[in-house]
Amino acid sequence: MIQARMISRRAEREGLRHSRARRGVASLLAMLYMVIFATLALGFYTAVTTSVQIAHNDERVMMAQVAAESGLQFMRHQLSQVRFPGNIPNDQLLQEVFNDLVAQTLNSPNLNGRPIGMAGGTIYVPGSADGYFIPLDSDGAGFRATVTDLGNGTVRVRVVGRYRGMTITRVIEEDFQSVYTSLSIFDFGAVTRGPIQITGGGVVSGPNPIEGSVLTLSTLSTPVSMTGTSAIAGDIYMTNKNGSASLTSNVSIGGTTNSALRSTHIHAGVPEPEFPVVDTLLFKKFAVNKFVPGQGTYTNTYIPANTNPSFSSGTTLQGVTYIEYPNKLSFTSQVVIRGVVAAANGAPVSPNNQIKFGGGIEAYGVETLPDNSDFPPEMRKLKGSVLLAPGFLITLSGSSGAIGGTMVGDSFNLAGGSGGVVHGNLIGLGTAPFTITGGGSIARTKSDEIPAGVIFNRTFQSVPKTYTEVHP
């Protein structure tokens, strides 16, 4: 009995020890789980916090990129509005760009009173030294830009975009090439600011319809009138949207005398093309020999004002013939021009400024001149022009041969079988009528080169393949 109780007590003590051991293990496991769950919670918190920060940074990166793209679009627009003469030397190009950009943005609220600046061959938009960014929204998005001259009529735009501070920025570069704003004036055989009047079998033709077309900028209600058997091989174009053409029954337009079909070849309200500025100063230095009456051949000649020369049969003009104004030039018989006839800049429209070719004309460009000291390479590269005489009335009568270049005058009067094949254009700068009468004609072929001394404006066009994201 005593022994049994001793055994029972021993068992109770052993059970108590085992129970205590089990409770210790449970506590240890609980602590391990608490550590694990705490670690997981901390990791989850860290992951969430990092994800939020990454998302925030991604937003700033994206918005900085958007800001840079917006800035590039802004600069594309501004540069597309820039206009400068096509004969500006490359070393003066950036100054022309700067002048235009300043004028375009002078009162712009975008710059907030901070002007554009230029220093060291670079234009800064804006030019302020305080690091001002042109704002895009109220959240801190903005951009700055620079324009750098690369030479050969090309500039490089660099745009820095940011969002909510300078920690994250994006930078884009793109090149812009200077291009002519418009050369559509060369799409027509004859172009004039005045009305077009064709009578008595006058003809405007060409190897294809567009080359035999005419364009008038006249504001008259009837900018074009044609009678008899006169013809235009191409179409009639008028900038006056309310303008109409007066045509008799036998007149041919676009190859037809059918009145219903002719109407499809008449276009009113077309866009006005850019008219060129004529600058003959580049020819003046070559005209070194003063005009002397009675010669059969004239080489690099200048004709003083009020000379009013009359050239006899078979006269040949070689190189540059430079005309001061006022002057009336008369050619009484067939004349050959091998070079260019250029009137001094600024000649006013006046009855005292006239050039009459009474017996027809044959004209060849400067590229046909011989290579010698009289006609240096500098002269012979001035191709594309035969007659540049703003302010002068040009009259051509008699049978003409080839005319190897563009002719520019205040107005033209073609009569009596005149014309010939014109490799270029006839451009009338004035509002006087452009007339073709008595069988006068133009057989025109288009030239692919811009005539020397004929200046068109240029602007900038982006070169998409140069778009690059660069390191800030």
Problem - Which listed residue, of Asn327, Asn308, is surrounded by fewer than 21 Cβ atoms within 10 Å (Cβ to Cβ) and not hydrophobic (A, V, I, L, M, F, W, C) - result: Asn308
Handout entry: Test: residue in segment 347-364 that is at pLDDT 95 or above, outside any loop (DSSP other than H, G, I, E, B) and either within 31 Å of the chain's Cα centre (by Cα) or over 26 Å from Leu414 (Cβ atoms) (or both)
Key = no
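Check Ser244, Ser225, Ser213, Ser230 and return the single one that is under 29 Å from the mean Cα position of the chain (by Cα) and surrounded by 15 or more Cβ atoms within 10 Å (Cβ to Cβ).
Ser213
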Fill in the blank from the handout: segment 385-472: strands (runs of 3 or more DSSP E) wholly inside it with 2 or more residues that are touching a residue at least 60 places away in the same chain (Cβ under 8 Å) are 385-397, 406-415, 426-428, 434-437, 441-445, 457-462, 468-470
Problem - Selection status of Ile427, more than 15 Å from Ile361 (Cβ to Cβ) and buried (at least 24 other Cβ atoms within 10 Å of the Cβ) - result: yes
Practice task
Restrict the check to segment 332-343 and report whether at least one residue is under 28 Å from Glu449 (Cα atoms), of a type in the set (Lys, Arg) and at pLDDT below 95.
Solution key: no
Problem - segment 292-319 residues that are closer than 20 Å to Ser385 by Cα and in the same structural domain as Thr332 (by TED's automatic domain parsing), paired with ones that are aliphatic (A, V, I, L, M) and exposed (fewer than 12 other Cβ atoms within 10 Å of the Cβ) (beta carbon under 9 Å, 6 or more apart) - result: Tyr298/Val292; Thr301/Val292
Practice task
Would you point out the residue of segment 134-183, among those that are assigned to a loop (DSSP other than H, G, I, E, B) and in contact with a Pro (Cβ under 8 Å, 6 or more places away or on another chain), that is nearest to Leu94 (Cα to Cα)?
Solution key: Ser182
Problem - Some residue of segment 281-292 being exposed (fewer than 13 other Cβ atoms within 10 Å of the Cβ) and more than 31 Å from the chain's Cα centre (by Cα) - result: yes
Practice task
Collect the residues in segment 366-380 that are part of a loop (DSSP other than H, G, I, E, B) and closer than 18 Å to Leu281 by Cα, keeping them in residue-number order.
Solution key: Pro376
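The values are calculated or read from the model by the stated rules, or taken from the named source; none is laboratory data. Bear in mind the structure is a predicted one, so any value in this text is a computation, not a measurement. For neighbour counting, all protein chains shown are included, and Cβ atoms are generated from backbone atoms with ideal geometry for every residue, glycine included.
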